[in-house]
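Taken together, the values in this text are just the output of simple stated rules run on the coordinates, not laboratory data. From a predicted model like this one, the values you see are computed outputs, not experimental measurements. With ideal geometry, Cβ positions are generated from the backbone for all residues, glycine too; neighbour counts draw on all protein chains shown.
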Amino acid sequence: MSDMLSESYQNGIYWAAIHAEQQRERTAVMEAEMLAGKYSIAVFLRPRLFIDGDKWCALYGENLQDGVAGFGDTPEQAFNDFNTAFATKLARR
């Protein structure tokens with residue numbers, strides 16, 4: 001019985017390692033595609049989207065002061081503004 005558990009445990013570790021490697025590969029591909037312009041930064045980072053006053057806000061971070069935010073009349077405009085704000089913040093580094 002302990003041999004079966006040991007083999008089962010080893011199989012679990014093997015498949016977990018395979019899954020982790022596949023996830024790393026997918027992430028690397030997505031990062032490359034994002035940098036090439038195929039995906040927006042907002043799609044990759046998934047900022048919170050909410051209404052702030054009369055505008056939509058896409059916020060990545062704890063708050064507006066410390067995070068990166070984009071605003072717009074529609075969610076799409078907020079995400080586009082977020083992409084611009086994020087790229088601007090990166091360029092200042």
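The table below lists the values:
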read-out	value
Cα gyration tensor shape for segment 41-93, rounded if a/c is under 1.5, else prolate or oblate	prolate
Dipole magnitude of segment 37-89, debye to nearest 20 (Cβ charges: Lys/Arg +1, Asp/Glu -1, about Cα centre)	260
Residues with amide H under 5 Å from that of GLY67, placed H, sequence gap 5 or more	GLU62
